[in-house]
Amino acid sequence: MKIFSDEIISKINAEIEIHCVDGDLSSDKALYMVNFIRPLFEELRVFTHQYKFKDDNEEISFFKETKPCIMSKLIYFSDIYTLEFRKPSGSKEVIKEYYQQRLMGITDFCTKHLDFYQYYRSKSTHLDKHYFLRGHENYKLCHSCGMFDKDPMFSTCCDHRVAKMLAYDMLQIYLQQRLQELERQEVIESSRASLPDNPFRWTGTKIAAIELGYAIYAAGILNNGNADIKEIMTYLEASFRIDLGDYYRTYLTIRERKKDRTSFLNSLIEKLLRKMEDDDKL
């Protein structure tokens with residue numbers, strides 16, 4: 001079971017790396033991931049029907065950890081798709097309120113299931129046989145699990161609840177990032193309004209601008225090194241009318257390059273040297 005489920009998790013994570021690497025999750029990308037994960041989840045269902053767990057501990061581990069890990073990603077991308085598809089058109093304030101209401105919904109879910117949250121987060125095990133073994137459901141403990149309409153061979157009292165908790169952890173981060181992005185846009189617009197109008201627009205790549213921004217920050221050449229990376233990136237965005245998005249995440253991608261980690265800066269050096277050599281020939 002572990003080998004089979006680990007392969008599924010590996011496939012999902014690889015696809016996430018390809019399609020969601022920049023943190024920009026449109027409804028189309030979310031729907032793509034839903035359609036990618038669903039057949040894999042169905043494969044897991046069929047395999048579980050045919051598999052005989054070695055003992056209770058293996059079964060508990062599967063329904064407490066493995067299945068929720070996979071199912072949480074399906075729930076997460078499904079929620080993202082619905083969230084973005086239903087997002088209202090309007091001002092930034094309208095959109096911020098929309099995201100904040102969804103955050104409140106997550107808080108309400110956590111509050112409603114606080115006892116179980118505390119049980120799971122504290123890594124308690126004394127109720128695991130009721131929560132995560134098939135055929136051992138205790139209705140007094142699981143009255144709100146909706147267990148009557150579940151596949152009895154692929155469900156326990158609380159595996160879906162764990163999956164939802166894990167999905168909501170990810171969704172909460174997503175919503176907070178969206179709210180931070182809206183606030184960042186407001187700061188950029190305010191900064192842009194205070195700058196004199198100029199004809200210059202950044203026409204290079206976003207990753208090149210981020211590489212330049214981090215180089216300026218690392219060199220400490222603005223305000224005697226007292227300008228932080230957020231201020232530098234905000235100025236670049238406002239001055240050159242470019243949206244750098246989650247620049248820290250992009251910076252991590254730059255750091256992970258196997259070779260030529262500073263490809264844009266190296267290209268600037270090469271082009272400047274070539275310009276000097278050409279001018280020397282005049």
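Here the ratio of the Cα radius of gyration of the range 76-224 to 2.2 N^0.38 Å is 1.58.
Under a Gaussian network description of the chain, with springs only between Cα atoms under 10 Å, the residue in 196, 88, 152 that fluctuates furthest is 196. Only Cα pairs under 8 Å and 6+ residues apart enter the sum, and on that basis the relative contact order of the range 199-280 stands at 34 percent.
Between residue 189 and residue 268, what FRET efficiency comes out of the Förster formula 1/(1 + (r/R0)^6) with R0 = 25 Å and r the beta carbon distance, rounded to 0.05? Computed FRET efficiency for residue 268 and residue 189: 0.30. Relative contact order, whole percent, for the chain stands at 18, derived from Cα pairs under 8 Å and 6 or more residues apart.
Annotation for residue 249 and residue 93: the two label points, set 7 Å from Cα along the Cα-Cβ direction, are 2.9 nm apart. Quick check: pseudo-label points 7 Å beyond the Cα along Cα→Cβ at residue 82 and residue 57, how many nm apart are they? Label-label distance for residue 82 and residue 57, simple model: 3.8 nm. For labels at residue 28 and residue 200 in the simple 7 Å Cα→Cβ model, what's the distance in nm? It is 3.3 nm.
Over the C-alpha trace of the range 199-280, radius of gyration and Dmax come out as 13.9, 42 angstrom.
For residue 108 and residue 216, the FRET efficiency from 1/(1 + (r/R0)^6), where r spans their Cβ atoms and R0 equals 51 Å, is about 0.70. Checked against a 20 Å cut-off, the cross-linked pairs 87/112; 64/129; 54/129; 29/67 give Cα-Cα distances beyond that limit for 87/112; 29/67.
The percentage of C-alpha pairs in the chain whose separation is greater than 28 Å is 54%. If only the Cβ of Lys and Arg carry +1 and only the Cβ of Asp and Glu carry -1, the dipole of the range 2-186 around its Cα centre is close to 400 debye.
Each reported figure results from applying straightforward, stated rules to the coordinates on display, with no laboratory input. These numbers come from a predicted model, not from an experiment. So basically every Cβ, Gly included, is an ideal-geometry build from the backbone, and we count neighbours across all protein chains shown.
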